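All remarks here apply to the structure that follows.
The values are calculated or read from the model by the stated rules, or taken from the named source; none is laboratory data. Since we're looking at a predicted model, the values are computed, not measured. Don't worry about glycine lacking a Cβ; one is built from the backbone with ideal geometry, like all the others, and counts go over all protein chains shown.
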Amino acid sequence: MSKKTEWSDTDYASDVVAAQMQGPNPKSMLLLFGVFAFFIAAYIWADNAILDEVTRGDGKVIPSSQVQVIQNLEGGILKELMVREGEIVEKGQILLRIDDTNFAARFGEIEANYLTLLGKMARLTAESTGKGITFPPELLAESPTGSIREQNLFNARQAELQSQISILRQQAQQRRQEIAEINGRLVQLRASIGLINEEMAITQPLAEKGIVPKVQLLQLKREINELKGQISASTLALPRAKGAYKEANQRIQEKILNFRSLASQELSVTRAEYSGVKQTILAAKDRVTRTDVRSPMKGEVKELKIQTIGGVVRPGQDIVEIVPIEDNLLVEARIRPSDIAFLSPGQKATVKISAYDFSIYGGLPAKLERISADTIVDEKSGETFYKIIVRTEENSLKRGDQVYPIKPGMIATVDTLTGHKSVLDYILKPILKTKNNALRER
């Protein structure tokens, strides 16, 4: 049985007409919508994706401060060398020692004189004020024998003073006893006159009547006159005795005041001498201290000018050169004049060290510090550029626990952040630039 063949209208139509009769292909429509959606998404992403806009310059790491040249003021003989070239030293670390024999001996002499004057001042201060002696802790710690010597001298001088005062007090006591004796004698004489006067009052009537001889009355009168003479003499002697007593007491006070005055005068002279010696000992101590030559900062020993133990170091001679190492670095870079307009101090930057792959070790965050006031011309290449200085926040690169040091002289690239742009801005920039410049040429 034969099959029946079926024919459609499209079998007799052209390709174009057939395509119109069949309608749109679903796969083609899906592809078209996919492409359209991709471009829409790409546009949205390009408009919202923000990229950093940077100004790039090439340069190198420079020391944060100038190379420090270490010298010694007095010089001497090199005793010990404690560092090597290339070694990292800390601030205050001893670099080398100079033989201090002469300086130490001189310092010892001055110090001994200084401590002697210190003890002498303590003793004279006590003598001039009349108080107990108090030695400064420095003397007790550095020279116990000196304090004992001054204490013994103080005790001896005080004993001598007290001995002299004791003699004067005995003399004053004698004058006081004389005053008491005179007063006692006056009392006795006045009492005797009173008794004789009573006896005369009884005897005189009897003598007038002839009962007793007149000779007896005359004898009583003579005794009264003698007693009055003694009273007069004692009365005159009393002020002299009191004056002598007062004078004896004054001599005691004068002795004390004179002792203190002499001590005070000697103290003034000693203080003046002490002031001079104090300045001298500070200088001598400083010279001894300077025999230990120390690093004034953290840094790397660049060069040792003298390395021979026993060699002579001349006064003021350069001994060691140290390249400072600080917690941050300075990077000097060159910027083209066409890129300088958007740079200003304080902007953030990233320093990439050429010796360390940026994709592996990263860069150093930094901040723009200075921009040269005018362009600079390289004498060799004739290149014109601005010089900028950026300061990093760290002085080394780190990866994990490993620290990678950075030394002055290393080549670096500085990317200074000047703004932000979207990806779309970067794509459209050439088009917009061409549009703005189009149709303007003569």
- Query: Quick check, is Ile256 touching a strand residue (DSSP E or B) at 6+ places or on another chain (Cβ under 8 Å) and of a type outside the set (Lys, Arg)?
  - Reply: no
- Answer from Asn258, Asn197 - the residue that is in contact (Cβ under 8 Å) with a residue 12 or more places away in the chain, loosely packed, with under 15 Cβ neighbours inside 10 Å and part of a helix (DSSP H, G or I): Asn197
- Item | Residue tally, condition within 25 Å of Asn395 (Cα to Cα), within 24 Å of the chain's Cα centre (by Cα) and surrounded by fewer than 18 Cβ atoms within 10 Å (Cβ to Cβ), over region 71-92 | 3
- Out of curiosity, is Leu364 in contact with a Ser or Thr (Cβ under 6 Å, 6 or more places away or on another chain) and either in contact (Cβ under 8 Å) with a residue 12 or more places away in the chain or farther than 16 Å from Lys60 by Cβ (or both)? yes
- Can you tell me which residue among Arg157, Arg176 is surrounded by 14 or more Cβ atoms within 10 Å (Cβ to Cβ) and closer than 27 Å to Gly243 by Cβ? Arg176
- Message: So, in region 122-181, how many residues would count as being more than 18 Å from Ser261 (Cβ to Cβ), part of a helix (DSSP H, G or I) and not basic (Lys, Arg)?
- Response: 32
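Can you say whether Glu303 is among the acidic types (Asp, Glu), buried (at least 16 other Cβ atoms within 10 Å of the Cβ) and in a strand (DSSP E or B), as far as the supplied structure shows?
no
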- Looking at this structure, is Lys228 among the charged types (D, E, K, R), more than 30 Å from Ala159 (Cα to Cα) and out of contact with any Pro (no Cβ under 9 Å at 6 or more places or on another chain)? yes
- Considering only residues of region 374-384 that are farther than 18 Å from Lys60 by Cβ and modelled with pLDDT of 90 or more, which is surrounded by the fewest Cβ atoms within 10 Å (Cβ to Cβ)? Asp374
- Selected residue (only one of Ile167, Ile148 is more than 18 Å from Gln253 (Cβ to Cβ) and either out of contact with any Cys (no Cβ under 8 Å at 6 or more places or on another chain) or not hydrophobic (A, V, I, L, M, F, W, C) (or both)): Ile148
- Inspect all residues belonging to region 212-234 and state whether any of them is in a loop (DSSP other than H, G, I, E, B), surrounded by 15 or more Cβ atoms within 10 Å (Cβ to Cβ) and assigned by the TED database to the domain that holds Arg123. yes
- Message: So for region 190-213 (the condition being farther than 27 Å from Glu160 by Cα, of a type in the set (Asp, Glu) and out of contact with any helix residue (DSSP H, G or I) (no Cβ under 7 Å at 6 or more places or on another chain)), does at least one residue qualify?
- Response: yes
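Any idea how many residues of region 285-315 are polar (S, T, N, Q), in contact (Cβ under 8 Å) with a residue 40 or more places away in the chain and under 26 Å from Gly108 (Cβ atoms)?
1
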- Task: Could you pull out the residue among Leu95, Leu73, Leu115, Leu78 that is assigned to a helix (DSSP H, G or I) and touching a residue at least 24 places away in the same chain (Cβ under 8 Å)?
- Result: Leu115
